[in-house]
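All remarks here apply to the structure that follows.
The values are calculated or read from the model by the stated rules, or taken from the named source; none is laboratory data. All of these numbers come straight from a predicted model, not from anything done at the bench. Cβ placement follows ideal geometry from the backbone for every residue including glycine, while neighbour counts extend to all protein chains displayed. Keep in mind that these areas ignore ligands, DNA and RNA; they rest on the heavy atoms of the full protein, side chains included. Shrake-Rupley method; radii C 1.70, N 1.55, O 1.52, S 1.80 Å.
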Amino acid sequence: MKHNFIGGVWVQGARAVPNINPSDQRDTIDHYAQADSAQARDAVDAASQAFNAWSVSTPQQRFDVLDKVGSELLARRTELGDLLAREEGKTLPEAVGEVTRAGQIFKYFAGEALRLSGDLLQSIRPGVSVEVTREPIGVVGLITPWNFPMAIPAWKIAPALAYGNTVVFKPAELVPGSAWALTEIISRSGLPAGSFNLVMGRGAEVGPTLVNDPRVAGISFTGSVGTGQQLAQACTARGAKFQLEMGGKNPLVVLDDADLDVAVNCAVQSAFYSTGQRCTASSRLIVTQGIHERFVDAVVDRMRSLKIANARGQGTDIGPVVDERQLGIDLDYIRVAQAEGAKLAFGGHTMECDQQDHPGFYLVPALFTETHNAMRINREEVFGPVASVIRVRDYDDALATANATPFGLSSGIATTSLKHATHFKRHAQAGMVMVNVPTAGVDYHVPFGGRKGSSMGSREQGRYAAEFFTTVKTAYTFC
Ligand code: ADP
């Protein structure tokens, strides 16, 4: 049984729930505490009390804590990666890579704690000087999704603490194991009690408790569009700061002049790896007519060779879908696309039990062709290994199609034309643009985020994270 962590103490939840392995439903990882609203408020109490001390901690104290957490994550990457793969269903190499990333993020923000600086200017008035400094905003609520159970918490927790905030962390219901393991490491890092609190629990109960608590100065959220929009309204109503990362319907444009191997690799990597469960996944493959047939044939060839199996198995390319509910959503979209006239070129069915020796949520990645951009399959985020090809005339048609979406997270192009690559970087309506690299897969020292319906608020990651986790003060001195 794993407990919540509040005020520096492990506390039993109001309830407990099992954490089930999506690769093998017979495997229960452990039972995890579920906070109710009262316990979530206790966590806010603890974080509020701890803020006085942590907000004035020295850069060295912050560096030491974050660096220690980062070192332990890196040292235990194989073991923690196995836990992550077991509870979330991404493959072992992907999961170990994610834990490594989390460690790197803590190390990066350890350095940022030392580098925090301000400006000293002369006033326009004689004898007066002006200092511009950054201060922590207060208690922050961090609400995270299930698809990156280590990396996303890391890229919210590390900057929150680096800039002197105190934290109440609410992970997604499906992945308490990674959240608990990360918390256990943080609990031994030297961080003063109450500065970091873990409340595992139901989104609909713990979430609004944090979002509506006047002592919570800001909410950093990654999750679905619907929840994000509710949260934005609630935060706006009480004047709290918020930062939202939500969905994507990311295009990958493939032009006639593309290197076919590069294009296919970008498509298969971004659309299907991590079981397509990434907000940066390429789900619309927008392909000019001269390369369309060759591209589709090559993608289908690659899809045939993918090994779909237990996430922890040797040589697995694609693990299971995260749970039964998400599998149902994926299958519904596959039916909707077919009903709208899309042609299923490959996959789209669950794997029979006799192809796996254990019960899991296995879906063969699906590729649709003959689709157009107005179809639901091209408008709405599926969040599974499902991609569709949209045939277009030329570059201009491709760019217009890529931008014709309510989302704007990551936009990719495969081309050998400097002219088109340069034009695309300038005109793609997305927070991140990828030329000859997959739309999914980003660095940790540069900003991450989108436009339009994908994101609201300031960027995450790199030094841009300071925008959300600090507030600026301008001080005038006459002497
Ligand atoms: P998904 O459908 O992908 O699980 P959600 O937006 O429901 O996406 O979940 C993302 C995170 O938001 C999870 O930690 C979840 O528990 C939390 N959450 C769900 N509902 C709410 C809510 N009403 N208020 C705040 N957080 C919520």
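Looking across the stretch 197-212, the residues that are more than 20 Å from the chain's Cα centre (by Cα) and open to solvent by 10 Å² or more (accessible area, probe 1.4 Å) come down to E205, P208, T209, N212. Report whether or not A53 is more than 25 Å from the chain's Cα centre (by Cα) and under 16 Å from V140 (Cα atoms). The answer is yes for A53.
Scanning the stretch 415-427 finds one or more residues that are closer than 24 Å to M246 by Cα, in contact (Cβ under 8 Å) with a residue 40 or more places away in the chain and assigned by TED's automatic domain parsing to the domain that holds D317. Criterion applied to A271, A232 was being in contact with a Leu (Cβ under 8 Å, 6 or more places away or on another chain), in contact (Cβ under 8 Å) with a residue 24 or more places away in the chain and within 15 Å of the ligand (Cβ to nearest atom), and the one residue passing it is A232.
Restricting attention to the stretch 114-153, the residues being away from the ligand (no atom under 16 Å from the Cβ) and touching a Cys at 6+ places or on another chain (Cβ under 9 Å) number 3.
Of the set (1) open to solvent by 10 Å² or more (accessible area, probe 1.4 Å); (2) within 30 Å of K425 (Cβ to Cβ); (3) not hydroxyl-bearing (S, T, Y), all apply to Q230 but (2).
Scanning the stretch 422-479 for residues that are out of contact with any helix residue (DSSP H, G or I) (no Cβ under 9 Å at 6 or more places or on another chain), modelled with pLDDT of 95 or more and open to solvent by 70 Å² or more (accessible area, probe 1.4 Å) yields T422, K425, R426, R451, K452, Y464, E467, V472, K473, T474, Y476, F478. Among the conditions (1) in a helix (DSSP H, G or I); (2) farther than 17 Å from V382 by Cα; (3) open to solvent by 30 Å² or more (accessible area, probe 1.4 Å), Y273 misses just one, which is (2). Screening P171 with (1) more than 10 Å from the ligand (Cβ to nearest atom); (2) open to solvent by less than 10 Å² (accessible area, probe 1.4 Å) gives one miss only, at (1).
Picking from E324, E293, E352, which residue would you name as being farther than 21 Å from T405 by Cβ, at pLDDT below 95 and surrounded by fewer than 14 Cβ atoms within 10 Å (Cβ to Cβ)?
Checking each option against the conditions leaves just E352.
For (1) more than 10 Å from the ligand (Cβ to nearest atom); (2) at pLDDT 95 or above; (3) open to solvent by less than 10 Å² (accessible area, probe 1.4 Å); (4) among the aliphatic types (A, V, I, L, M), each residue gets a yes or a no:
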{"residue": "L161", "(1), (2), (3), (4)": "yes, yes, yes, yes"}
{"residue": "N165", "(1), (2), (3), (4)": "yes, yes, yes, no"}
{"residue": "P192", "(1), (2), (3), (4)": "yes, yes, no, no"}
{"residue": "S195", "(1), (2), (3), (4)": "yes, yes, yes, no"}
{"residue": "R215", "(1), (2), (3), (4)": "yes, yes, no, no"}
{"residue": "S220", "(1), (2), (3), (4)": "yes, yes, yes, no"}
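Among the residues of the stretch 2-29, the one identified as out of contact with any helix residue (DSSP H, G or I) (no Cβ under 7 Å at 6 or more places or on another chain) and on the phi > 0 side of the Ramachandran plot is G8.
As a summary of the residue check, E245 satisfies the conditions (1) within 28 Å of H423 (Cα to Cα); (2) charged (D, E, K, R); (3) within 16 Å of the ligand (Cβ to nearest atom); (4) open to solvent by 10 Å² or more (accessible area, probe 1.4 Å) except for the one numbered (4).
Within the span defined as the stretch 408-415, every residue fails to be open to solvent by 10 Å² or more (accessible area, probe 1.4 Å) and not acidic (D, E).
Candidates A398, A374: the one that is away from the ligand (no atom under 16 Å from the Cβ), open to solvent by 50 Å² or more (accessible area, probe 1.4 Å) and either outside the structural domain of H292 (by TED's automatic domain parsing) or of a type in the set (G, A, S) (or both) is A374.
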